[in-house]
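**Student:** Structure in structure tokens, see below.
Only the coordinates and a few stated rules stand behind these numbers; no lab work does. This structure is a prediction, so every number in the text was calculated from the model and none was measured. Counting neighbours? That spans all protein chains shown, and the Cβs are built from the backbone with ideal geometry, glycine included.
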Amino acid sequence: MKLCIFGAGAIGGLMAAKLAAKGDVDVTVIARGPHLAAMQAKGLTLLSEGQETVVHPRCVASAEEAGPQDYVVITLKAPALAGAAAQMQPLIGGHTTIVSAVNGIPWWYFHKLSGPHEGRRVTSVDPDGTVERLLPPEKVLGCIIYPAAEVTEPGVVEHSYGDRFTLGEPDGSRSERANALAAALVAAGFKAPVRPKIRDEMWVKLWGNMAFNPLSALTTATLDVITGEPELRAVCRQMMLEGQAIAERLGVRFAIDVDKRIAGGAEVGAHKTSMLQDLERGRPMEVDALLGSVVELSEIVEVPAPTCRTVLALLRTRARLAGCY
């Protein structure tokens with residue numbers, strides 16, 4: 001199996017390190033800057049569960065150097081996807097599977113989704129259809145990321161918690177390509193269930209991100225404050241209830257209730273969300289993938305989302321003024 005991780009930062013580095021350590025997968029990582037230089041010179045170091053592992057996957061700067069792959073795992077932040085899609089083309093052959101491991105509502109959301117909206121484009125994440133054209137939805141396998149990791153210095157990834165990558169076909173089938181990737185991930189030490197309703201699990205993760213991330217960027221508060229301060233918790237809860245109504249209109253079923261999901265966020269403690277970290281570092285924020293897309297879906301299914309819409313307006317202005325949108 002030839003597998004390439006495009007955008008091998010923290011999560012991509014974690015996956016690459018464990019797959020390369022097992023040795024059954026031909027792993028290539030595409031990265032840039034000091035991180036790439038360090039991996040090429042000294043290998044990729046993974047710090048996890050008190051152990052240090054150094055592996056030497058193939059590390060390159062461009063897709064041309066890597067060539068066609070069986071699997072291309074995209075671990076980029078959502079705002080980078082449109083610009084990177086053209087760069088990925090040398091990786092994609094006739095039988096390549098594109099593993100979409102990007103946060104939020106993805107460009108392929110309506111592909112093979114039975115109902116009146118099947119085949120529709122999510123314009124907030126793919127305004128002109130570039131991503132859909134270059135990364136065809138029929139090649140996509142969905143992936144929900146649960147681990148947390150950080151690039152602590154160039155070439156070094158520290159894994160703090162989580163080991164699950166949930167996989168799922170957009171049409172709900174249990175395909176050979178999904179099973180093969182799941183088996184490789186399990187052999188490397190991950191949990192990799194293949195779910196028939198990948199969008200259900202996607203929404204459970206997004207449910208928290210659509211509220212926690214924007215409020216953290218607007219207030220600079222950590223998760224313990226957002227979930228523990230009554231006024232902020234109430235805003236979170238209302239946003240999430242609006243999101244639930246939208247998702248359920250699209251056929252999603254939530255396995256837990258909103259208060260349990262908020263409690264799960266609270267358990268993480270004094271954590272800075274990824275959006276707040278991006279804001280502080282002047283990087284593009286996942287505004288549209290995490291919240292703009294939710295508001296767009298509310299319009300499509302005609303479910304009011306006034307709190308989400310208000311927070312989105314504030315968040316977009318915050319991001320623009322910071323140069324992060």
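**Student:** By the scheme Lys and Arg +1, Asp and Glu -1, what is the net charge of all other residues having a beta-carbon under 12 Å from that of L91?
**Tutor:** Residues near L91 contribute -1 overall.
**Student:** With a cut-off of 8 Å between alpha carbons and a minimum separation of six or more residues, what is the relative contact order of the chain in percent?
**Tutor:** Details: 627 pairs, mean separation 49.4, N = 325.
Reported relative contact order: 15 percent.
**Student:** Percent antiparallel among DSSP beta bridges with both residues in segment 1-134, to the nearest 5? Present the calculation step by step, with values, prior to reporting the outcome.
**Tutor:** Details: 5 of 22 bridges.
Once the DSSP bridges in segment 1-134 are tallied, antiparallel ones form about 25 percent.
**Student:** May I pose another question? I need the semi-axes of the equivalent ellipsoid of the chain: take the C-alpha gyration tensor, multiply each eigenvalue by 5, square-root it, list largest first in whole angstrom.
**Tutor:** That gives 30, 23, 19 Å for the three semi-axes.
**Student:** Any chance you could check the Cα centroid distance between segment 261-312 and segment 138-167 for me, in angstrom?
**Tutor:** The two parts, judged by their Cα centres, are 19 Å apart.
**Student:** Using Cα pairs under 8 angstrom and six or more residues apart, how large is the relative contact order of segment 62-154, in percent? List each step's numbers first, then the result.
**Tutor:** Values: 123 pairs, mean separation 27.5, N = 93.
Rounded, it is 30 percent for segment 62-154.
**Student:** Next question, about the same structure. Decide, for segment 2-196, between rounded, prolate and oblate: order the square roots of the alpha carbon gyration tensor eigenvalues as a ≥ b ≥ c, take rounded if a/c falls under 1.5, and otherwise choose prolate if a/b is larger than b/c, else oblate. Numbers along the way, then the final one.
**Tutor:** Values: a/c = 1.79, a/b = 1.46, b/c = 1.23.
Prolate is the answer for segment 2-196, as a/c is 1.5 or above and a/b outweighs b/c.
**Student:** Kindly give the semi-axes, whole Å and largest first, of the ellipsoid equivalent to segment 1-80, taking each as the square root of 5 times a Cα gyration tensor eigenvalue. Walk me through the numbers on the way to the answer.
**Tutor:** Working: eigenvalues 66, 42, 31 Å².
Equivalent ellipsoid semi-axes, largest first: 18, 14, 13 Å.
**Student:** 5 Å is the cut-off here: which amide hydrogens, built 1.01 Å from N in the peptide plane, fall below it relative to V99, excluding neighbours closer than 5 in sequence?
**Tutor:** Residues meeting the amide H criterion: V72, V73, I74, L141.
**Student:** Can you give the angle from 0 to 90° between the axis of helix 306-321 and the longest principal axis of the chain, with both taken from C-alpha atoms, to the nearest 10?
**Tutor:** The two axes meet at around 50 degrees.
**Student:** Let me ask another. Any number yet on Rg/Rh for segment 199-319, C-alpha, Kirkwood? Could you put the intermediate results ahead of the total?
**Tutor:** Working: Rg = 13.3 Å, Rh = 14.2 Å.
In segment 199-319, Rg relative to Rh is 0.94.
**Student:** Taking K and R as +1 and D and E as -1, what net charge do the other residues with C-beta under 13 Å from the C-beta of V186 add up to?
**Tutor:** Summing Lys/Arg as +1 and Asp/Glu as -1 gives +2.
**Student:** Now a separate question. Once you list every other residue whose beta carbon is under 10 Å from the beta carbon of V55, what net charge do they have if Lys and Arg are +1 and Asp and Glu are -1? It would help to have the intermediate numbers written out before the result.
**Tutor:** Numbers: positive: K18, K22; negative: none.
Charge balance in the 10 Å sphere: +2.
**Student:** Excluding same-chain residues fewer than 8 positions from K18, which lysines have a Cα within less than 27 Å of its Cα?
**Tutor:** K2, K42, K77, K139, K191, K197, K205, K272
**Student:** Rounded, prolate or oblate: which one fits segment 104-200, using the alpha carbon gyration tensor with axes a ≥ b ≥ c (rounded when a/c is under 1.5, else prolate when a/b beats b/c, else oblate)? Please report the intermediate quantities before stating the final value.
**Tutor:** Working: a/c = 2.38, a/b = 1.45, b/c = 1.64.
Because a/c hits 1.5 or more and a/b fails to exceed b/c, segment 104-200 counts as oblate.
**Student:** Helix 198-219 sits at what angle to the longest principal axis of the chain, using alpha carbons and giving 0 to 90 degrees rounded to 10?
**Tutor:** Result, in degrees: 70.
**Student:** In Å, what Rg and Dmax follow from the Cα atoms of segment 93-160?
**Tutor:** For segment 93-160, the Cα-based Rg and Dmax read 15.2, 48 Å.
**Student:** Can you tell me the Rg and Dmax of segment 175-234, counting just the alpha carbons, in angstroms?
**Tutor:** In Å, with Rg to one decimal and Dmax whole: 17.1, 48.
**Student:** Helix-derived [θ] at 222 nm for the chain: sum -39500 (n - 2.57) over DSSP H runs of at least 4, divide by residue count, nearest 500?
**Tutor:** Details: 13 runs with 141 residues, N = 325.
Result for the chain: -13000 deg cm²/dmol, rounded to the nearest 500.
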